[in-house]
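Report on the structure given below.
Coordinate-derived values only; no laboratory data. Model, not experiment: these values are computed from the prediction. Methodologically, a virtual Cβ is constructed for each residue, glycine included, from the backbone with ideal geometry; neighbour enumeration extends over all protein chains shown.
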Amino acid sequence: MMSSTLGKCEVHPASRILKASELRAIGFWCGSLRGRVGPDDWVLRVIAEQHAADVQSGRPFLPHPGRLIAALGGRSYDTRLSGYLAAGVPVRQYFGCGVCRSCGTELGVSDLTDGTWVWPEGLEHYLQTHELPLPAEFRSTVAANGYQIPLAPDIELHRDGDYDYTFWRSWATSAYRGVTS
């Protein structure tokens, strides 16, 4: 493979730079855990405190997985879809492990992508364990990609802002109203 050198950085032509703002977010949740946080549940308490901070700061709405599952009903999952989610390319890592908003299971520390969509590492858990239905638009992308992540693992995320949550928020709102696929 040919490469060029810029200063001390080697640039490979096969590398792909993704803009965070162009990745369509799916599977990101609010931190609300009202009624589930006991005195010994320090991780759940931190999530609840983060949600309260989000509300106070005016951050936009993110859905709660339990409400989505209740609104849409659980559905059996396609193991190929689960494999696709697990095979995503990491684009961000965090200093703490995500926690399932429904059962408290630790979920992972990364956001994963296929170059079009971005999801938290734990989305596969919600699909397998809680039978969370995923949007038809996402499932169509996965099928069009032949259930294979189309990216090489040497991508770089340009931190030009946050992910695009527009679709995810709209889909979740429609799901709550009972008008989504």
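Using R₀ = 35 Å, calculate the FRET efficiency as 1/(1 + (r/R₀)^6) where r is the Cβ-Cβ separation of Gln148 and Val109; round to 0.05. E(calc), rounded to 0.05, equals 0.90. Cβ crowding within 10 Å, taken as a proxy for footprinting-reagent exposure, orders Cys97, Cys30 from fewest neighbours to most as Cys97, Cys30.
Neighbour counting of Cβ atoms within 10 Å sorts the residues Tyr84, Tyr77, fewest neighbours leading, into Tyr77, Tyr84. Ordered by the count of other Cβ atoms within 10 Å of each Cβ, fewest first, Val109, Val91 give Val109, Val91. The modelled label-to-label distance for the pair Arg67/Arg169, using points 7 Å beyond Cα in the direction of Cβ, is 1.3 nm.
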